[in-house]
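Accompanying notes for the structure given below.
Derivation of every value follows stated rules applied to the coordinates shown; laboratory data play no part. Keep in mind that this is a model prediction, so the values were computed, not measured. Here Cβ is always computed from backbone atoms with ideal geometry, including for glycine, and neighbour counts include all displayed protein chains.
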C-alpha cells in the first residue's frame, strides 16, 4: 500500500544502528535460514565451499542464480551470510549483510523515511543501504520505494517536468476571438485606479486597456461594454482565465445576452493564453520606462503605451495592429515633422470619388488580412516547432492515477517548505490530448486540469474508476 503522510509521521523514529543491534546473531541466522531464497543459499554454502556446477542450479530461482554468480564474494561471518563489496572510493572491503525479504521494508523505512535519514534521493539512499546491506535488485526496490513515498513525491519535482506539445487555436478574421485579462494591482493613482482591464483581438492583435479602481465583475462589464463593444462591436468568442470575475453568474449572463461564446484557460497554466501573456509583458516593459518614480501616474501613461504597441509591426502578422484593424497606419509625431506615412502615397488619390476610395480601402484590407493570415500560419508553425522540441508528454488514460501540482499559498505557511503536489487523483475523463477531468474519490468534486500539472502516481491504491 502507498504510504500516507500519517503513516510516515507516526512511524518509529529509532536509528538504523539501534535496529540492527536489537537483532541477535541467532535471530539473523534464523531469519536467513527461514527465507525462501537465502535459506537455499545458506544450505549450499554450508554443504560445500566449492561453487556448485551450473547443472545443479539451472532449475533454481533466478535470484538464486544471481547469488550463485557471486559465490566467491558471499562469506560467513559468525555464522551469518555476508557479501563482500569493495568500496572504490575508500578502497576498503565492506561486509554487507544479506537481507531476508521480510526485513527489506523495515530497512528502507529506517534508511529513507526515518527523521535521521531525511527522505533523501535515490543515489544517497542507495549509498546508505550499500554500506550495510545487500539483496538482489536492491536498487530497483529503493527506486520503487521512493517513487511511492508520499512525503517525497508531494514535495519534489519530477526529474523532468511534464510539458505537453503546443496546441494552437487559429483565427481568420477581426473580432472572431477576443481575450480579456486584468493586470495589477498597481500603486493607487491620482484618479483612484489600481487595475486595468486588457482587451485584445487574436487576429489583428489590436489591444485596449481601461484603468479601473477595482476588479469587481460590474466594473469589468461596464468597461468592456461601454468602451469596447460599443466602439468595435460584439466579438464572437471571449477567452479569459478562471478568475472569479469572469466565472461569475453576472459575466455569464452578459455572454448569454450578447450571444458570445465563452472559453477559459486551465488553472495554473498561463501558457495556454500566450497572446495575453506576451501583451502584458510588452505593456509592463513600456510603462516601466515612462512612469514617474512613485508610479502613481501609470494610468495616465497607459493610453500612450497602447498607442506605441498598436502602431508597431507585430512579429506574427508582419503588420501593425492599426493596419489590421483600421485599414491604415495612424499618424505619429514623426509623420507630422517629416511628412505623411508612405501609405498615403500608395492608397490615396485625391481625385478619386468617395465610393472608389472605399472600394480601394476594402481591397487593401482584404490583401492585408490575407497576407497576415499566411504570416500568422508560418509564425505559428515555427513557434510550435520550437516549443515541441522541449516537450515531454505522458499519455494518460482513464483510470490512471496521478499527482496534481497545486502551488496555492497558504497563510502562515512558508512556500519554501510547502508540499505542492496533492494526490492521489484519478483520471476519470480524457477531454483532449492536454486536458483531463480528475477526481480524488467518487464523492469528491471533479476538476478539469492541464497535462503539465500532472505527474504519475506510483503508489498502490484501490482504483474505483476501472
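Using 0.36 nm per residue, how much length does the chain from residue 51 to residue 132 gain when fully extended, once their Cα-Cα distance is taken away?
That pair, residue 51 and residue 132, stretches by 26.7 nm at full extension.
With labels modelled as points extended 7 Å from the Cα through the Cβ direction, what inter-label distance (nm, one decimal) is found for residue 29 paired with residue 218?
Spacing of the two 7 Å Cα→Cβ label points: 8.7 nm.
Grab the alpha carbons of the stretch 19-148, take their convex hull, and tell me the volume per residue in Å³.
Convex hull volume per residue, Cα atoms: 121 Å³.
Suppose R0 equals 22 Å. What FRET efficiency, 1/(1 + (r/R0)^6) with r the Cβ-Cβ distance, do residue 176 and residue 429 give to the nearest 0.05?
So, using R0 = 22 Å, E works out to roughly 0.20.
Taking all pairs of distinct Cα atoms, average 1/r, flip it, and tell me the Kirkwood hydrodynamic radius of the stretch 400-456 in Å to one decimal place.
Taking every pair of different Cα atoms in the stretch 400-456, averaging 1/r and inverting gives 12.1 Å.
At 0.36 nm per residue, and after removing the present C-alpha to C-alpha distance, how many nm does the segment from residue 397 to residue 236 gain when stretched out fully?
54.6 nm is the gain from fully extending residue 397 to residue 236.
Would you mind computing, in nm to one decimal, how far apart the modelled labels at residue 227 and residue 262 are, each placed 7 Å from Cα along Cα→Cβ?
So the label points at residue 227 and residue 262 sit 2.1 nm apart.
May I ask you to list the residues of the stretch 187-224 whose amide nitrogen lies under 16 Å from a point 7 Å from Cα along the Cα→beta-carbon direction of residue 244?
214-220
Working out 0.36 nm times the residue gap between residue 406 and residue 465, then minus their Cα-Cα distance, what length gain in nm do you get to one decimal?
Working it through step by step, the gained length comes to 19.0 nm.
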